[in-house]
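Below is one structure, written out as structure tokens, with a few remarks after it.
The values are calculated or read from the model by the stated rules, or taken from the named source; none is laboratory data. Treat the numbers as computed from the prediction; the structure is a model and nothing was measured. Neighbour counts are summed over all protein chains in view; Cβ atoms, including those assigned to glycine, are modelled from backbone coordinates with ideal geometry.
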């Protein structure tokens, strides 16, 4: 099953959703701002993406700038910040089995289909 972690207010996320819809494949939409992810779920996604936690953070968000910017944070602290403030999570993320891609740019999603 394919899952997209989606924010309907984000243009890139909407473009990613459109790519999935056009693919004709079955998928599930998780609006992660409405249903926040746990630290374990975020860690699993990061592992599937093959990146560091910091690479999944939207660093231009006010909550990051005000609370975390310039601090030495370990992976767990960054994951915790994203769990507490889901707005910090870069989007969209598409997961299929043991693999995941960040839909920035949205065309990256084609690689997982």
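Return yes when residue 31 is touching a helix residue (DSSP H, G or I) at 6+ places or on another chain (Cβ under 8 Å), modelled with pLDDT of 95 or more and surrounded by fewer than 18 Cβ atoms within 10 Å (Cβ to Cβ) and no when it is not.
no
Tell me the helices (runs of 4 or more DSSP H) entirely within the stretch 5-113 that contain at least 2 residues that are in contact with a strand residue (DSSP E or B) (Cβ under 7 Å, 6 or more places away or on another chain) and free of Cβ contacts under 8 Å to residues at least 60 places away in the same chain. Quick ask: steps written out before the conclusion?
On the way: elements: 11-23, 39-49, 62-67, 75-84.
It comes to 39-49, 75-84.
Exactly one of (1) closer than 22 Å to residue 16 by Cβ; (2) surrounded by 16 or more Cβ atoms within 10 Å (Cβ to Cβ); (3) over 13 Å from the mean Cα position of the chain (by Cα) is unmet by residue 90. Its number?
(3)
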